[in-house]
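Notes for the one structure printed next.
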Amino acid sequence: QYVQPVRTRKDGKWTDIDTTLVKQKNGTLAPKAATTAMSFSGGGDTTFAQIEKDGHALSLDWPTKLPKPKIDGSTATYADVLDGVDLKVTASAEGFSHILVVKNAEAAADPELAELELPVDTDSLDLTEDADGGLTATDPGAGGAVFEAPQPLMWDSAQGSEATDGTD
């Protein structure tokens with residue numbers, strides 16, 4: 001017994017989950033075997049992630065065209081999407097996560113980063129924000145949640161005396 005899925009049906013056969021990203025014929029990247037269909041940009045476009053489930057799709061875009069990513073296992077890293085900021089998108093068995101890696105204080109002070117908006121596109125889903133700042137994409141016909149995302153988080157991973165944890 002497992003808490004998370006360990007196998008999925010692929011081409012009519014059970015196969016072990018493998019979220020290692022591989023290039024697809026259309027130039028996108030996708031996990032070898034996941035329970036939910038998803039793809040990430042291979043570079044040159046603005047949609048960095050798309051996910052499909054139960055006949056519905058949701059995509060997240062970056063405001064500008066993305067560079068070709070560096071792939072490391074389940075993670076695609078789009079370098080310098082803003083000056084000093086990388087976008088990392090990571091596949092999991094049932095979905096994906098994305099983070100912005102702000103590499104220095106100058107990048108953190110960029111006003112473009114402070115006002116960053118990521119366009120979301122859905123087909124036939126209602127997108128709502130919950131009281132905690134998370135998002136839910138609901139099937140209006142069935143009334144059930146198809147996709148959910150928690151409230152975005154920010155943290156400082158600086159080490160030593162430069163770390164700011166709110167205490168002196």
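The values are calculated or read from the model by the stated rules, or taken from the named source; none is laboratory data. Values in this document were obtained by computation on a predicted structure and should not be read as measured data. Every residue, glycine as well, gets a Cβ built from its backbone with ideal geometry; the counts of neighbours run over all protein chains shown. Note: areas computed on protein heavy atoms with side chains; ligands, DNA, RNA excluded. Shrake-Rupley method; radii C 1.70, N 1.55, O 1.52, S 1.80 Å.
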(request) Compute, for Ser97, the solvent-accessible surface of its heavy atoms (probe 1.4 Å) with the complete set of protein chains present, and express it in square angstrom to the nearest 10. (result) 60
(message) Leaving out ligands and nucleic acids, and using a 1.4 Å probe, what accessible area per residue does the chain come to in Å²?
(response) 66
(message) Counting only protein heavy atoms and a 1.4 Å probe, tell me what percentage of segment 6-146's accessible area is made up of carbon and sulfur.
(response) 47
(request) First obtain the Kirkwood hydrodynamic radius of segment 1-81 from its Cα pairs, then insert it into the Stokes-Einstein equation at 10 °C and 1.306 mPa s, and state the resulting D in µm² per second as a whole number. (result) 117
(request) Would you mind checking Lys25/Lys53; Lys13/Lys103; Lys53/Lys103; Lys13/Lys65 for any pair whose Cα atoms are more than 32 angstrom apart? (result) Lys13/Lys103; Lys53/Lys103; Lys13/Lys65
(message) Restricting to DSSP H runs of at least four residues, report the calculated mean residue ellipticity at 222 nm for the chain, -39500 (n - 2.57) per run over all residues, nearest 500 deg cm²/dmol.
(response) -500 deg cm²/dmol
(request) Show which aspartates and glutamates lie in cross-link reach of Lys88 when reach means a straight Cα distance below 14 angstrom and same-chain residues fewer than eight apart are skipped. (result) Asp61, Asp72, Asp80
(message) Less than 17 Å from a label point 7 Å out along the Cα-to-Cβ axis of Val6: which backbone N atoms in segment 59-100 qualify, by residue?
(response) 93-94
(request) Could you list the chymotrypsin sites (Phe, Trp or Tyr not before Pro) in segment 60-168 that lie in coil according to DSSP, counting only those with at most 10 other Cβ atoms within 10 Å of their Cβ? (result) Trp155
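Near Pro150, within a Cβ-to-Cβ distance under 10 Å, what is the net charge of the other residues, with Lys and Arg +1 and Asp and Glu -1?
Working: positive: none; negative: Asp130, Asp132, Glu148.
After counting each charged neighbour, the total is -3.
When the convex hull of the Cα atoms of the chain is projected onto a plane and the area is averaged over all directions, what value comes out in nm²?
On the way: hull surface 51.9 nm².
The directionally averaged projection comes out at 13.0 nm².
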